[in-house]
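**Student:** To start, I am sharing the structure in question, which I have written as structure tokens.
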Amino acid sequence: MSGPAQDVLIENVFVAPVAGPEIESGYIRIAGDRIVALGAGPAPDVPGAVRIDGEGCLATPGLVNTHHHLYQWASQGLAQDATLFEWLVALYDVWAAMDAEVVKGAATAGLGWLALSGCTTSSDHHYIFPKGRGDLFAAGIEAAREVGVRFHPARGSMDRGRSHGGLPPDAVVEELDDILAATEEAVDAYHDPSFSSMSRVVVAPCSPFSASAELMTESAALARAKGVRLHTHIAETLDEDEHCVAQFGLRPVDYMEKLGWLGPDVWFAHAVHLSDSDIGKLAASGTGTAHCPSSNGRLGAGIARVSEMLRQGANVGLGVDGSASSELTPLAGEMRQTLLFQRARYGPGALTARQALELATLGGARNLGRENELGSLEPGKLADIALWRVGGPFASAIADPVCALVFGPPPPLARVLVGGRSVVEDGELKTVSHDAAGRAGAEAARRLARLAREKGFTAPKEVGQG
């Protein structure tokens, strides 16, 4: 995206603000990168404004993806029948061969795919940094800049290899001092705390089975000294639960509490296997979670207790997780998966369409600490907006446009705006070449396969299918 955002009027549109009453036929007025007004009826006359006819469309806040591993776009479709731990063991050595070029191509494809599913803000948890392979962290940031979405790159880390009781091979972990130095450098170089920020860095040791207690506590201290947020995986599988009890004498949430990892500046990925006490601790401390239903289903991890978390006041956002455990998953589709999984477990009253939409928007913004900027359509907030075509010859049979968005497959997108600028128009990327983004991801997969073979690792195409 280039040049200043123009004033924009979206008119004749059904508006689902998330944080306010819905407007059956109304307008949204954008000035610069902010929403300045919305209301019912005809749009006001604003000389020089770009007018977008929203007839047959639903306007929602742009979706917010709160957990991803973009590099995994280059290793999709592998270990198809494995548990999480089996899947990780199969792929760690392959990922160790990646370089910055692989990450750039994978991130371009992954972020382009997210934008095409209505996503305007995405996190990315990158935790493998092989030596001498270029600046992998910067590669993801550059891809986000080109695609034009807001980006919350999480500088991940692992220092607990197999020789110290962890799951990953020693070859893919880093030394504690190197991790802390590189993380601080990433924050200093790329974190922008401003209201309209396109890049905010997160401190994110990978998981209890790959990060030492010292790494977890030192990372928390660094993040809080720098004023940035904390993120990690937690309670994804029963294997992890058993590992934590065996290694630390505590279940995952209790272990995180001991390490100072509960608080309103923290959100956890997955949080599938929680007790009633765990949920209470998350709610009381303001700790958020990123629910990734397709990945949890793909790996057989289980169904998170999202409905119960919401009832107790815990914040929940959505994530697609890495593409290698959630192949080609659109963020919009995770609203439907969440609704169906919760109803399958708890009954038809477990989650509504509008609650699912809130998880994908305002819930995600809260996880990222940006609920005052993103996640709902309100004057003063950033103009990150998705326009869904829900009035076509088939979808128009559903009178409720929010139901059409959440209950069915994702509708076509008329527009995706980030700060008032078009990233997607009529289902096509406008910031980068649509086809080039896809080709970049395919080339990243081919390159990773070649690099893995050259290093003597199992190439992605050779990883067992189950």
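**Student:** From the list Ala223, Ala204, Ala211, Ala186, which one is part of a loop (DSSP other than H, G, I, E, B), in contact with a strand residue (DSSP E or B) (Cβ under 6 Å, 6 or more places away or on another chain) and either free of Cβ contacts under 8 Å to residues at least 60 places away in the same chain or under 30 Å from Gly419 (Cα atoms) (or both)? Can you show your working first?
**Tutor:** On the way: Ala223 fails: part of a loop (DSSP other than H, G, I, E, B); Ala204 fails: part of a loop (DSSP other than H, G, I, E, B); Ala186 fails: part of a loop (DSSP other than H, G, I, E, B).
None of the other options fit; the residue is Ala211.
**Student:** Then there is this: Looking at the stretch 357-394, which of its residues are under 21 Å from Val424 (Cβ atoms) and small (Gly, Ala, Ser)?
**Tutor:** If the condition is that a residue be under 21 Å from Val424 (Cβ atoms) and small (Gly, Ala, Ser), then Ala360, Gly364, Ala365, Gly375, Ser376, Ala383, Ala386, Gly391, Gly392 are the ones that fit.
**Student:** Can you pull out every residue in the stretch 269-300 that is in contact with a His (Cβ under 7 Å, 6 or more places away or on another chain) and either under 30 Å from Ala225 (Cα atoms) or among the small types (Gly, Ala, Ser) (or both)?
**Tutor:** Ala269, His270, Ala290, Cys292
**Student:** Separate question: Just to check your reading of the model, which residue among Ser122, Ser157, Ser196 is touching a residue at least 40 places away in the same chain (Cβ under 8 Å), under 21 Å from Arg370 (Cβ atoms) and either surrounded by fewer than 24 Cβ atoms within 10 Å (Cβ to Cβ) or touching a Pro at 6+ places or on another chain (Cβ under 8 Å) (or both)?
**Tutor:** Working: Ser122 fails: either surrounded by fewer than 24 Cβ atoms within 10 Å (Cβ to Cβ) or touching a Pro at 6+ places or on another chain (Cβ under 8 Å) (or both); Ser157 fails: under 21 Å from Arg370 (Cβ atoms).
None of the others qualify; the one that does is Ser196.
**Student:** Among Arg251, Arg311, Arg336, Arg343, which is the only one that is within 30 Å of Gly427 (Cβ to Cβ), more than 17 Å from the chain's Cα centre (by Cα) and of a type outside the set (A, V, I, L, M, F, W, C)? Talk me through it step by step, then tell me what you get.
**Tutor:** Numbers: Arg251 fails: within 30 Å of Gly427 (Cβ to Cβ); Arg311 fails: within 30 Å of Gly427 (Cβ to Cβ); Arg336 fails: more than 17 Å from the chain's Cα centre (by Cα).
Sole residue among the options that is within 30 Å of Gly427 (Cβ to Cβ), more than 17 Å from the chain's Cα centre (by Cα) and of a type outside the set (A, V, I, L, M, F, W, C): Arg343.
**Student:** Additional query: Could you run through the stretch 159-179 and say how many residues are at pLDDT 95 or above, touching a helix residue (DSSP H, G or I) at 6+ places or on another chain (Cβ under 6 Å) and not in a loop (DSSP other than H, G, I, E, B)?
**Tutor:** 1
**Student:** Can you tell me which condition Ala397 does not meet? The list is (1) in the same structural domain as Arg34 (by TED's automatic domain parsing); (2) surrounded by fewer than 16 Cβ atoms within 10 Å (Cβ to Cβ); (3) within 27 Å of Arg229 (Cα to Cα), and all the others hold.
**Tutor:** (3)
**Student:** So which of Gly313, Gly322, Gly300 ends up being under 16 Å from Ala235 (Cβ atoms) and in the same structural domain as Gly77 (by TED's automatic domain parsing)? I'd like the intermediate steps shown before the answer.
**Tutor:** Values: Gly313 fails: under 16 Å from Ala235 (Cβ atoms); Gly322 fails: under 16 Å from Ala235 (Cβ atoms).
Selected residue: Gly300, the only one of Gly313, Gly322, Gly300 that is under 16 Å from Ala235 (Cβ atoms) and in the same structural domain as Gly77 (by TED's automatic domain parsing).
**Student:** Further question: Since Leu262 meets every condition but one in (1) in a helix (DSSP H, G or I); (2) closer than 21 Å to Glu371 by Cβ, which condition does it not meet?
**Tutor:** (1)
The values are calculated or read from the model by the stated rules, or taken from the named source; none is laboratory data. Here the structure is a predicted model, which is why all the values come from computation and not from measurement. Every residue, glycine among them, receives a Cβ derived from its backbone with ideal geometry; neighbour counts consider all protein chains shown.
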